[in-house]
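Colleague: Can you read through this structure? Questions will come right after.
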């Protein structure tokens, strides 16, 4: 208990590979009376990569924000490392937040700091590591994402894909036990996407990191997932191994994973009849 | 009737906004006073950087505005005082006017454009770019991390810049005095001090610190509540300036009436 991780953040080692470290139960959330999540159950185990798929507006990103403690559900529970977080005060959440990393959709780099400072920030703020060691960690993390020479550049000088890779380097700065990825594939070229996928899988296999990936990229999703969840209409519609998802007969799942325009998922979100609307009825 | 409704709605909006600013101020006090006791250290280097950014860079504009207002005021006042044969009292008006009222007000209004708008734009852009969420996700409170250094910097810098504004404005007035009466700086200075009380100096200082607080709080609060992309940032920037100016002038009126009436 209380052993120090590689970066000096306190953590207990009670979790072994295969233990549940994220557990959501009956999570509900509405915005302005519009229900987005209607009772979602999710579990993620240590060392596992869970891919959350689903159309835009079906609650994936909301789910992610609830799991990282950025928002609170209307009802239901979210447990990280066996601890219920939805009722915790902001300060009690801090020790938990230091144990996970988040890669945001745009990378969300701090634009006023260099690439190196971005990665150093969590280390400087949450550990008492020596500057020399911090500079070594920065190089290690940047090497992992293939950007070691870019330490002194500003985020504005990087391309979208590079920002994302730096964002990943920053997310793993404190050697987290869980990493959340919000659309890691969006805006990356296929080669870079494969590199990021390798990284995600490597972190899971070698370090026992649990990864929760929200994505639209089907190819990448099937490549990295140990388990997949398809969210539809604020609920978990299907859950299982990539093979189970691929072979399921559910027409919604089939339409989604094959990206077909025709199928049970409605394209049109308006409730009024088209002809009626045109005629001003 | 609809004008009344619109005014009422606007007033209510400002009221809620001021309440939000007040909450932000309480948060600020928490992270300034209690936070450091609990091991969340103040970011002093960042505060200094912000002080330079917002304070030092605004000095040229503060100089221009205060100097020209000083010249204008001196000419206007001298014209009237001449009728009473009391033209040398221009110095008194300059001293009291600038220390008590003009420099704190002018400087604060300049700073609302200079510092307040840039705070709103900066924090708003960070919010839109998920930077604030990223800070929170890495267990860093955005109020402590971003707002405290910036607000502290404005509250310290506005009085300092106001002091410089006094010097510039009064110097502008002296140039007029010199041109009209050919009197020395020492004579001007004596006349100015004759009319001033110590109270005028601390009231001016206190006012400018409060104005600094208003500029900072309004800018930060506008930035923090940005939503909806670039358009939202633009709106927040405009609102930061408009709300600061309104609140500064209202606060100035209240303080002046309470202290001097």
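Colleague: Checking residue B:54 against (1) touching a helix residue (DSSP H, G or I) at 6+ places or on another chain (Cβ under 8 Å); (2) modelled with pLDDT of 90 or more, only one condition comes out false. Which one?
Modeller: Condition (2) is where residue B:54 drops out.
Colleague: Right, residue A:38: closer than 30 Å to residue A:254 by Cα and surrounded by fewer than 19 Cβ atoms within 10 Å (Cβ to Cβ) or not?
Modeller: yes
Colleague: Residues of region A:162-185 being at positive phi and either away from chain B (no Cβ under 12 Å) or assigned to a strand (DSSP E or B) (or both), which ones?
Modeller: A:175
Colleague: Taking the options A:231, A:218, name whichever one is closer than 16 Å to residue A:54 by Cα, touching a helix residue (DSSP H, G or I) at 6+ places or on another chain (Cβ under 6 Å) and crowded, with 19+ Cβ neighbours inside 10 Å.
Modeller: A:231
Colleague: Scanning for something under 24 Å from residue A:114 (Cβ atoms), part of a loop (DSSP other than H, G, I, E, B), free of Cβ contacts under 8 Å to residues at least 60 places away in the same chain and out of contact with any strand residue (DSSP E or B) (no Cβ under 9 Å at 6 or more places or on another chain), does region A:186-193 turn up at least one residue?
Modeller: Yes, some residue in region A:186-193 is under 24 Å from residue A:114 (Cβ atoms), part of a loop (DSSP other than H, G, I, E, B), free of Cβ contacts under 8 Å to residues at least 60 places away in the same chain and out of contact with any strand residue (DSSP E or B) (no Cβ under 9 Å at 6 or more places or on another chain).
Colleague: Please indicate, with yes or no, whether at least one residue in region B:189-199 is surrounded by 14 or more Cβ atoms within 10 Å (Cβ to Cβ), modelled with pLDDT under 90, touching a helix residue (DSSP H, G or I) at 6+ places or on another chain (Cβ under 6 Å) and within 27 Å of residue B:58 (Cβ to Cβ).
Modeller: Taking every residue of region B:189-199 in turn, at least one turns out to be surrounded by 14 or more Cβ atoms within 10 Å (Cβ to Cβ), modelled with pLDDT under 90, touching a helix residue (DSSP H, G or I) at 6+ places or on another chain (Cβ under 6 Å) and within 27 Å of residue B:58 (Cβ to Cβ).
Colleague: Report the residue count in region A:87-105 for those that are within 17 Å of residue B:129 (Cα to Cα) and either in a loop (DSSP other than H, G, I, E, B) or over 22 Å from the mean Cα position of the chain (by Cα) (or both).
Modeller: Number of matching residues: 2.
Colleague: So which residues in region A:139-161 are without any contact (Cβ under 8 Å) to a residue 24 or more places away in the chain and touching a helix residue (DSSP H, G or I) at 6+ places or on another chain (Cβ under 7 Å)?
Modeller: Listed by number, the residues that qualify are A:139, A:148.
Colleague: Against the condition under 26 Å from the mean Cα position of the chain (by Cα), surrounded by fewer than 20 Cβ atoms within 10 Å (Cβ to Cβ) and either in a helix (DSSP H, G or I) or on the phi > 0 side of the Ramachandran plot (or both), how does residue B:67 come out, does it pass?
Modeller: So residue B:67 passes the test.
Colleague: When region A:66-90 is examined, which residues are found to be surrounded by fewer than 17 Cβ atoms within 10 Å (Cβ to Cβ) and away from chain B (no Cβ under 14 Å)?
Modeller: A:74, A:75, A:77, A:82, A:83, A:84, A:87
Colleague: Quick one: would you say residue A:108 is in contact (Cβ under 8 Å) with a residue 24 or more places away in the chain, under 15 Å from the mean Cα position of the chain (by Cα) and either part of a loop (DSSP other than H, G, I, E, B) or at the interface with chain B (Cβ under 8 Å from one of its Cβ atoms) (or both)?
Modeller: Yes: the conditions hold for residue A:108.
Colleague: Same structure, new question: Do you know which residues across region A:91-105 are at the interface with another protein chain (Cβ under 10 Å from one of its Cβ atoms) and surrounded by fewer than 16 Cβ atoms within 10 Å (Cβ to Cβ)?
Modeller: A:91
Colleague: Same structure again: Taking into account only those residues within region A:122-161 that are assigned to a helix (DSSP H, G or I) and farther than 26 Å from residue B:46 by Cβ, which is farthest from the other protein chains (Cβ to nearest Cβ)?
Modeller: Going through the qualifying residues, I end up with A:149.
Yes/no per residue for (1) free of Cβ contacts under 8 Å to residues at least 12 places away in the same chain; (2) within 28 Å of residue B:107 (Cβ to Cβ); (3) within 14 Å of another protein chain (Cβ to nearest Cβ):
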residue	(1), (2), (3)
B:136	yes, no, yes
B:139	yes, no, yes
B:143	no, yes, yes
B:149	no, yes, yes
B:158	no, yes, no
B:162	no, yes, no
B:165	no, yes, no
B:169	no, yes, no
B:176	no, yes, no
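Colleague: Answer yes if at least one residue in region A:64-73 is in contact with a helix residue (DSSP H, G or I) (Cβ under 9 Å, 6 or more places away or on another chain) and closer than 27 Å to residue A:259 by Cβ, and no otherwise.
Modeller: Within region A:64-73 (the criterion being in contact with a helix residue (DSSP H, G or I) (Cβ under 9 Å, 6 or more places away or on another chain) and closer than 27 Å to residue A:259 by Cβ), the answer is yes, since at least one residue qualifies.
Colleague: Oh, and also: So which of B:223, B:204, B:169, B:229 ends up being farther than 30 Å from residue B:85 by Cα and modelled with pLDDT of 90 or more?
Modeller: Within the list B:223, B:204, B:169, B:229, the selection yields B:223.
Colleague: For region A:29-65, which positions are within 14 Å of chain B (Cβ to nearest Cβ) and more than 20 Å from residue A:237 (Cα to Cα)?
Modeller: Of everything in region A:29-65, those that are within 14 Å of chain B (Cβ to nearest Cβ) and more than 20 Å from residue A:237 (Cα to Cα) turn out to be A:31, A:32.
The values are calculated or read from the model by the stated rules, or taken from the named source; none is laboratory data. This structure is a prediction, so every number in the text was calculated from the model and none was measured. Note: ideal-geometry Cβ built from the backbone for every residue, glycine included; neighbour counts use all protein chains shown.
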